[in-house]
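**Q** Input: one structure, supplied below.
The values are calculated or read from the model by the stated rules, or taken from the named source; none is laboratory data. If you're wondering where the values come from, they're calculated on a predicted model, not measured in any experiment. Cβ sites come from the backbone with ideal geometry, for glycine too, and all protein chains shown count toward neighbours. To get the accessible areas, we keep the full protein, side chains included, count just its heavy atoms, and leave off ligands, DNA and RNA. Shrake-Rupley method; radii C 1.70, N 1.55, O 1.52, S 1.80 Å.
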Amino acid sequence: MPPTPSFWNRAGNLALITVTACGSALVPTTPAQAASHAPAHPLAALTPTPTPSPSATPSPSPTPSPSSEPSGEPESVDTLAAVAAAPITRSQMIARAKTWNPGTSKRVPYSQTKTRGGYRTDCSGYVSMALGLGKPGPITVGLAKSTYTRPVRIADLRRGDLLIDAIGSNTTRHVVIFDRWADAGRTSYWAYEQRGGYGTDYRKRSYGLSSGSEYKPYRALNIREDAPVPPPTITRAQVIARAKSWNPATAQRVPYSQTKTRGGYRTDGSGYVSMALGLGKPGPITVDLVKSAYTRPIAMNQLLQGDLVIDPVGGNTARMVVIFDRWADAKRTSYWAYQQRAGYGTDHRVVTHGLRAGTQFRAYRPVRIR
């Protein structure tokens, strides 16, 4: 027997109530209103268009307490689409990192929930502040993404680069700011960080240097190199006078060391040359002395007092630099040179560096010498 008209009316009322309940609110409907909205075809009332159910609101997670080592951060932070950060030089970044008074009694205490100047006072918030990123700053996982950084090699680390462990939970992830190598063998480095249980710190670290470490080196996309500061003009006589101040070839000579300093300059070969040329302390290393910011190549037969002969190739125990003084003979088969040599210290002696075929030593002229 076919359904009666009263059956279709009841079906239409039920369908209208069902459709209304899947919307934004459940609205009571009278029989008269239901009849006025009943579909032309009775079957349409039985197959309403599906409406997505509203998503359930997640319950808030408790905020984890900061760990002591390594530092953590919130498990998740709502972040907007990244806005291109303004360029910042390496010196500017370090200057900003110092504003939180690392390693002092005025350091900023660590917190995953508090802020300073709009930035979270956890590890990633601190780095975001130093880089001038948008407040409150991306979390560590975000900092490792191509939005903000790109991977580099450990050997290429420069002041202001980052070492990031973006793996694991909010109590294991961490990020530090690389400052400089702590030793010639590059077994540790000085770093700025915001660490749990302490706050802003500046100390020696070795994150990322061991095999299998989860820490990886990164370079911020908005960081820029500092403009080279031209070394002051210096005469050749002044270079030699400064070289003699370390008492070469005497009992009072300065002992050789790759880690110690004298008057702010490293007491290794490049530190000694940097001192003699009046360059910035502690002095560029040998590899950098051959760059156009400091020297330009010349022929060996063009050497004048105060010029340099440099082997920039190889490891830190193979590279060498000496200061040319004068030719030792009329045929120019050897010359007198000042140098800081391993196992002895400051010396003045006859050498032949750069004069033999196949040598890695080359002659260079300091760009500011007069």
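**Q** Out of (1) open to solvent by 50 Å² or more (accessible area, probe 1.4 Å); (2) within 22 Å of T172 (Cβ to Cβ), what's the single condition that is false for D226?
**A** (2)
**Q** Among the numbered criteria (1) more than 27 Å from A155 (Cα to Cα); (2) open to solvent by less than 70 Å² (accessible area, probe 1.4 Å); (3) outside any loop (DSSP other than H, G, I, E, B), which one does N301 miss?
**A** For N301, the exception is condition (2).
**Q** Can you name every one of the strands (runs of 3 or more DSSP E) wholly within segment 153-196 that holds 1 or more residues which are under 13 Å from the mean Cα position of the chain (by Cα) and of a type in the set (K, R)? Break it down into steps so the answer makes sense when it comes.
**A** Working: elements: 162-165, 174-181, 189-195.
It comes to 174-181.
**Q** Taking segment 345-370 on its own, how many of its residues are without any contact (Cβ under 8 Å) to a residue 60 or more places away in the chain, part of a strand (DSSP E or B) and surrounded by fewer than 18 Cβ atoms within 10 Å (Cβ to Cβ)? It would help to see each step written out before you state the result.
**A** Residues of segment 345-370 without any contact (Cβ under 8 Å) to a residue 60 or more places away in the chain: 350-361.
Adding the requirement that they be part of a strand (DSSP E or B) leaves 350-351.
Retained after the next criterion (residues that are surrounded by fewer than 18 Cβ atoms within 10 Å (Cβ to Cβ)): 350.
So the count comes out to 1.
**Q** Shifting gears a bit: Has segment 254-265 got at least one residue that is open to solvent by 60 Å² or more (accessible area, probe 1.4 Å), of a type in the set (V, I, T), farther than 19 Å from R236 by Cβ and assigned to a strand (DSSP E or B)?
**A** yes
**Q** Can you find a residue in segment 326-344 that is of a type in the set (V, I, T) and part of a loop (DSSP other than H, G, I, E, B)? Explain how you work it out, then say what you get.
**A** So in segment 326-344, the residues of a type in the set (V, I, T) come out as 333.
Filter once more, keeping what is part of a loop (DSSP other than H, G, I, E, B): 333.
Yes, because at least one residue in segment 326-344 is of a type in the set (V, I, T) and part of a loop (DSSP other than H, G, I, E, B).
**Q** Which number in (1) part of a loop (DSSP other than H, G, I, E, B); (2) open to solvent by less than 40 Å² (accessible area, probe 1.4 Å); (3) within 24 Å of A357 (Cα to Cα) marks the one condition that V309 misses?
**A** (1)
**Q** Would you mind stating whether A144 is within 18 Å of the chain's Cα centre (by Cα) and over 22 Å from A86 (Cα atoms)?
**A** On the way: within 18 Å of the chain's Cα centre (by Cα): yes; over 22 Å from A86 (Cα atoms): no.
No: the conditions fail for A144.
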